[in-house]
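Encoded as structure tokens, the structure appears first; notes follow it.
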Amino acid sequence: MEMEFDDPRVADLRRREIERNIPLVVVVAIVLVLGIIGNLFSIVFYGFSKKRTVTNFLIAALALNDLLANFIFWDEIVIIFQSFTFTDKTGCKTVYFLNNWILINSVILLAVIAIDRYRRICHPFSKQISSRAACFIVLGVTMVTFCLTLRETFLADIVAKPVKMNDNSTVYGYFCVHTDDKTYTSLIQVSHLLNIVLFLTSIILMIVLYVLVIRKIVTTRLSMTHSTVFSKDLTSSSAQTEDTGVSEAEKNYVPTKNGQTNATNDDDSLIPQNGKTSNDNRPKTHILITDATSSASDPQTYNGHARKENGYTPCNKKINTKGSVTLQHSKAANEAEDEKAKKNNKAERGVTTMVIAFTAVSILSFVPYFGTMIFAGRHVSTEDNLSNMGKKVARQFYMLNCVVNPYIMCYFNTRFRRFISSFVCRRTCQLSSE
């Protein structure tokens, strides 16, 4: 049947549709503007002004992809204004190709970031993704998704569909959809299946990797807490040694006549020079031997003075401060390394939490879109169905996938917030001075 574009009923239907869609157009425009602003800040911060790590590079690449998406998604507003009368075949093919390419590329880049987080958290000592490799991965993913979605330029077309109006009359509206040519039916089904497989594979991969990452973070926190408690016990024990200058093990050594030392308990009597047990109530003497070789030189001297009391010959004692200083230096170095490791772990956990958050939001943004596409056909031939505002909002919900990431980053990253605040303050001061 010949398409009757000049049918006045179609023009009247289009006019009513534009009036209904004004709130939707305003909301979509605001969302896209916010997405452009937020992703611009993300690109500058993670791509240029922040330390260039692999994770920051991948986040900047995702922000660049989302920035392009926010420019491309303006074609949805054009389509809204051309409801029932969209007849530009080239524009239709371009819209289908660009929208599919940018969305699939965004989801796969999220999966690449998940792989990087998994490697850094769960296998920190294994070989990591290098900056060069990350660059090739991003370019490779972009080229592969580009080639995969080129098929949309052959499958998209302008199709005339009958629309039953509220007055029970029927008109033909023009829609940008997959072609109704029967020769492409199998290819269209394969195209849908490929999109679903790519999407679900990426989602499942991200869920599995982030579950492993969360489990690793939780177990690491528990082990660090246990280590901290154990360290405090050791610290309190060593503090007693530092207060007296003598450890518990060293307190159990007593000198003998021949210069050797014997271990004794606190209740043991001192062994006199003649080898017999002394029963007197003489107070016990604890001697710290810090230099074993000093007693061999002159067992009868202590700091250059001869000393022998009541048949006891104390060993020669020479204070060795070198070992003590070395021990203190080693302890300070270990504490500094532990503190640095804790800071690095905390930073990695913060980045991982932020990435998990915007990945989860990105996944959830597709739920309303797929829900309407699966359970409610887009082009059911009634005016009420095609004009349903709830379904239209759900179909545009996927745009949030490329909009919300910078604002989630802003919530989790204090430096990112400071960067935006300083930029806004500088621009405000410049404008006020002019």
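Highest mean first, how do 111-120, 142-151, 61-70 rank when packing is the count of other Cβ atoms within 10 Å averaged over residues?
Ranked from most to least packed, the peptides come out as 61-70, 111-120, 142-151.
Collect residues whose amide H, placed 1.01 Å from N in the peptide plane, falls under 5 Å from the amide H of residue 177; neighbours closer than 5 in sequence don't count.
157, 159
Full-extension gain between residue 20 and residue 40, please, as 0.36 nm times their residue separation minus the C-alpha to C-alpha distance.
Here the answer is 4.0 nm.
Per residue of the stretch 90-101, what does 6.51 cos²θ - 1.76 cosθ + 1.60 with θ = phi - 60° give for ³J(HN,Hα)? Whole Hz please, x for Gly and Pro, Karplus curve as stated.
5, x, 5, 5, 5, 4, 4, 5, 5, 5, 5, 5
Can you sort 123, 192, 178 by 1.4 Å-probe accessible area, starting with the largest?
These residues rank, largest area first, as 192, 123, 178.
Only Cα pairs under 8 Å and at least 6 apart count here; give the relative contact order of the stretch 1-105 as a rounded whole percent.
34
The values are calculated or read from the model by the stated rules, or taken from the named source; none is laboratory data. Remember, predicted model here, so these are calculated numbers, not experimental data. No Cβ is skipped: glycine too gets one built from the backbone with ideal geometry, and neighbour counts run over all protein chains shown. Areas reflect the complete protein model, heavy atoms only, side chains present, ligands, DNA and RNA absent. Shrake-Rupley method; radii C 1.70, N 1.55, O 1.52, S 1.80 Å.
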